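The values are calculated or read from the model by the stated rules, or taken from the named source; none is laboratory data. Keep in mind the model is a prediction, meaning the values are calculated, not measured. Counting neighbours? That spans all protein chains shown, and the Cβs are built from the backbone with ideal geometry, glycine included. The protein model used for the area step is the full one, side chains on, heavy atoms only, and it has no ligands, DNA or RNA in it. Shrake-Rupley method; radii C 1.70, N 1.55, O 1.52, S 1.80 Å.
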Amino acid sequence: MKRRQKNWAASLEDSDKFQYLREEVCGRVVDRIFDVARTFPLALDVGCGRGHIAQQLNKETVEKLLQVDISEKALKTLGECEIPTYSIVADEEFLPFKENTFDLVVSSLSLHWVNDLPGAFRQIYHVLKPDGVFIGAMIGGETLYELRCSLQLAELEREGGFAPHMSPYTAVSDVGNLLGQAGFNMLTVDIDEIQVNYPGMFEVMEDLQGMGESNCSWNRKSLLHRDTMLAAAAIYKDMYGNDDGSVAATFQILYMIGWKPHESQAKAAKRGSANMSFSDLEKLHVSESTRPTGGQSRK
């Protein structure tokens, strides 16, 4: 289902106008890549879409990049970039690469659609070289809470119950645990929110479809009645409308960085090896604060 949705979105004549969220998030992922002071000989982009990450990289950071996506039509629309790239149609859950292949693995707005996220993290860990790094971004659990709430309230009012109309997303509290269980260390997980204003609820849903981000859960409800949709739109505007008549839609983005262990990496000291106790810190602070400075004498 997700492959069909992404292929359909990639085939739209005006598909460029739906790329704003992916472009923004990919830019923030690339900023995190640039923060790592090294050159990566071989990198992998998992769920590359139209290649927004590759377009923002340079040869000083990545020498060669492999791009993987389940959508063959998306790979046919890859943009130009200055680094050598190779594209492969492959499922993000079944990476066709040998162990210890890549120095860097990146992924932006793709992993929230995999069926087995712990398994996907393990595969990324598997294909990374020791001391390789994974840098990714995915949709977080609070994304589009405005749309979710409006649809649920409208269905309760008009139909006496509600069904899920949005795919479940991962909570930030789970991401670090899943990365740790996959074997990564020196983990960093942070949250960002991107708020976009739309004319109304129907424009929100139209853009989600154009992005290829429509719900594809097996338990989704295939049809929403017209009066329920109109009620949801009215609720959306009433609860989340702006003064200018537009409505807000919030995208919560989870950014994650994890390293594959290597003996050269810094390690935490063994438990019990400290030569100072926490109770001594207060004494140290008092001693430092009473020390004379410059020409002043201690009173």
Only one of these is more than 19 Å from Glu213 (Cβ to Cβ) and polar (S, T, N, Q): Asn177, Asn115, Asn197. Name it. Asn177
Hand me the list of strands (runs of 3 or more DSSP E) wholly inside region 34-104 holding 3 or more residues that are of a type outside the set (A, V, I, L, M). 85-89
Filter region 245-262 for residues that are part of a loop (DSSP other than H, G, I, E, B) and either among the polar types (S, T, N, Q) or free of Cβ contacts under 8 Å to residues at least 24 places away in the same chain (or both) and give the result. Ser246
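Only one of these is modelled with pLDDT under 90 and small (Gly, Ala, Ser): Ser246, Ser279. Name it.
The unique qualifying residue is Ser279.
For Arg220, indicate whether it is assigned to a loop (DSSP other than H, G, I, E, B), basic (Lys, Arg), at pLDDT below 95 and open to solvent by 70 Å² or more (accessible area, probe 1.4 Å).
yes
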Run down Tyr145, Tyr86, Tyr125 and say which single residue is under 30 Å from Ala231 (Cα atoms), open to solvent by 30 Å² or more (accessible area, probe 1.4 Å) and either in contact with a strand residue (DSSP E or B) (Cβ under 6 Å, 6 or more places away or on another chain) or among the aromatic types (Phe, Trp, Tyr) (or both). Tyr145
Taking interchain pairs and intrachain pairs at least six residues apart, which have beta carbon atoms under 8 angstrom, with the first residue in region 15-27 and within 17 Å of Asn197 (Cα to Cα) and the second in a helix (DSSP H, G or I) and polar (S, T, N, Q)? none
Matching residues in region 105-119 - criterion: being under 14 Å from Cys48 (Cβ atoms) and out of contact with any Ser or Thr (no Cβ under 9 Å at 6 or more places or on another chain): Val105, Val106, Ser107, Ser108, Leu109, Ser110
Determine the pairs where a residue that is closer than 20 Å to Lys73 by Cβ, located within region 87-103, has a partner that is open to solvent by 70 Å² or more (accessible area, probe 1.4 Å) with Cβ atoms under 7 Å apart, the partner being 6 or more residues away or on another chain. Val89/Glu72; Ala90/Pro96; Glu93/Asn115
Can you list residue pairs whose Cβ atoms sit under 8 Å apart, with the first residue in region 117-144 being farther than 12 Å from Val175 by Cα and the second being open to solvent by less than 30 Å² (accessible area, probe 1.4 Å) and of a type in the set (Lys, Arg)? Count only pairs 6 or more apart in sequence or on different chains. Tyr125/Lys260; Leu128/Lys260; Lys129/Lys260; Pro130/Lys260; Asp131/Lys260; Gly132/Lys260; Val133/Lys260; Phe134/Lys260
Scan region 160-192 residue by residue and report those that are in contact with a Ser or Thr (Cβ under 6 Å, 6 or more places away or on another chain) and either of a type outside the set (Gly, Ala, Ser) or at pLDDT 90 or above (or both). Tyr169
Using the structure shown, decide if Glu142 is touching a His at 6+ places or on another chain (Cβ under 7 Å) and assigned to a loop (DSSP other than H, G, I, E, B). no
